[in-house]
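The values are calculated or read from the model by the stated rules, or taken from the named source; none is laboratory data. Since we're looking at a predicted model, the values are computed, not measured. All Cβ positions, even for glycine, are placed from backbone atoms using ideal geometry, and neighbour counts span all protein chains on display. Each accessible area value is taken on the protein alone, full model and side chains, heavy atoms only, with ligands, DNA and RNA left out. Shrake-Rupley method; radii C 1.70, N 1.55, O 1.52, S 1.80 Å.
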Amino acid sequence: ANYGRALELKPDFPRVIAGIASALEKQSEFQQAYAVMQPYLDTNTHDGNIALAFASLCRHVDRCDEAVTCMQRLIAEDGPSLDAYSNSMLHFALGRLLDAAEEYDLAFDHYRQGNDLSRRHFDLGHHKRHIDALIDAYSASFMAAAPRAPHGSQRPLFIVGMPRSGTSLVEQILASPCT
């Protein structure tokens, strides 16, 4: 519904088209997702969001070679004008596609370029200030005064989730002493 409203406000907005295609892909509507972005791919519209969505979708519609070509063209023609984060995401996605195609040397080169670009926007000072603010906000006195559960039930609790989703961490937090 939100994507539909966004298209009413700004028809043919590539970021929204990519979002719609990604949502359809997550619902396993692969052909419909491809149909949504196909006009942009046919006209060689250069947009990182469309390229990234296509890179994710291409395996399901058997068009990975086209996705590789699209991303290579985008990086070559528009890469220098893109921000470091967008450019790094394109390199990582292209690296994954090339790795799947067993083009390991090319894949490694794109992973390296993505890593090089990722390092550029890390601000050590900003990170240090953020960590210091977290330490200040969650001080020992704050934690001591934080509300606690009024009772300790012995009823079993089942924690269910997908692999690598944090279920073990939730279990450890719940099993930790409340002192």
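Give the residue list of GluC sites (Glu not before Pro) in the range 52-146 that are DSSP loop and have at most 14 other beta-carbon atoms within 10 angstrom.
Here the GluC sites (Glu not before Pro) that fit, given the DSSP loop and packing criteria, are Glu102.
Against the longest alpha carbon principal axis of the chain, how many degrees, from 0 to 90 and to the nearest 10, is the axis of helix 124-137 turned?
The helix 124-137 is inclined about 30 degrees to the chain.
Which one of Thr167, Leu82, His60 has its Cα pushed farthest toward the positive end of the charge dipole of the chain, where Lys and Arg give +1 and Asp and Glu give -1 at the Cβ?
Positive-end residue among those listed: Thr167.
If you fit an axis through the alpha-carbon atoms of helix 30-42 and take the longest principal axis of the Cα set of the chain, what angle between them do you get, 0 to 90°, nearest 10?
Rounded to the nearest ten degrees, it is 50.
Show me, for the range 155-171, the HN-Hα J-couplings you get by feeding each phi into the Karplus relation (A = 6.51, B = -1.76, C = 1.60, θ = phi - 60°), rounded to Hz, glycine and proline as x.
5, x, 10, 9, 10, 10, x, 6, x, 6, 9, x, 5, 5, 5, 4, 4
If each DSSP helix of 4+ residues adds -39,500 (n - 2.57) and the sum is divided by the residues in the chain, what number results at 222 nm, nearest 500 deg cm²/dmol?
-22000 deg cm²/dmol
At each listed q (0.08, 0.14, 0.16, 0.17 Å⁻¹), what is the log10 of I(q)/I(0) that the Debye formula gives for the chain modelled as equal alpha-carbon point scatterers?
Listed by q, the Debye log ratios stand at -0.44, -0.92, -1.01, -1.06.
What full-extension length gain, to one decimal in nm, is calculated for Lys26 and Thr69 as 0.36 nm per residue of separation minus the Cα-Cα distance?
In short, 13.1 nm is gained.
Using a 1.4 Å probe on the protein chains only, how many percent of the accessible area of the chain belongs to carbon and sulfur?
Carbon plus sulfur share of accessible area: 56 percent.
Would you be so kind as to identify which of Gln113, His151, Ala101 lies farthest towards the positive end of the dipole of the range 95-163, taking Lys and Arg as +1 and Asp and Glu as -1 on Cβ and the Cα centre as origin?
The residue sitting farthest along the positive end of the dipole is His151.
According to a simple spin-label model (label point 7 Å from Cα along Cα-to-Cβ), what is the distance in nm between Leu106 and His60?
2.5
Across the range 97-179, what fraction of all alpha-carbon pairs, as a whole percent, falls in each successive 10 Å bin from zero upward?
Spelled out bin by bin, the range 97-179 gives 12, 19, 25, 23, 15, 6 percent.
Give the peptides 158-166, 89-97 in descending order of average Cβ contacts within 10 Å, highest first.
My ranking of the peptides, most packed first, is 89-97, 158-166.
Which whole-number value in Å² is the accessible area per residue of the range 108-179, probe 1.4 Å?
94
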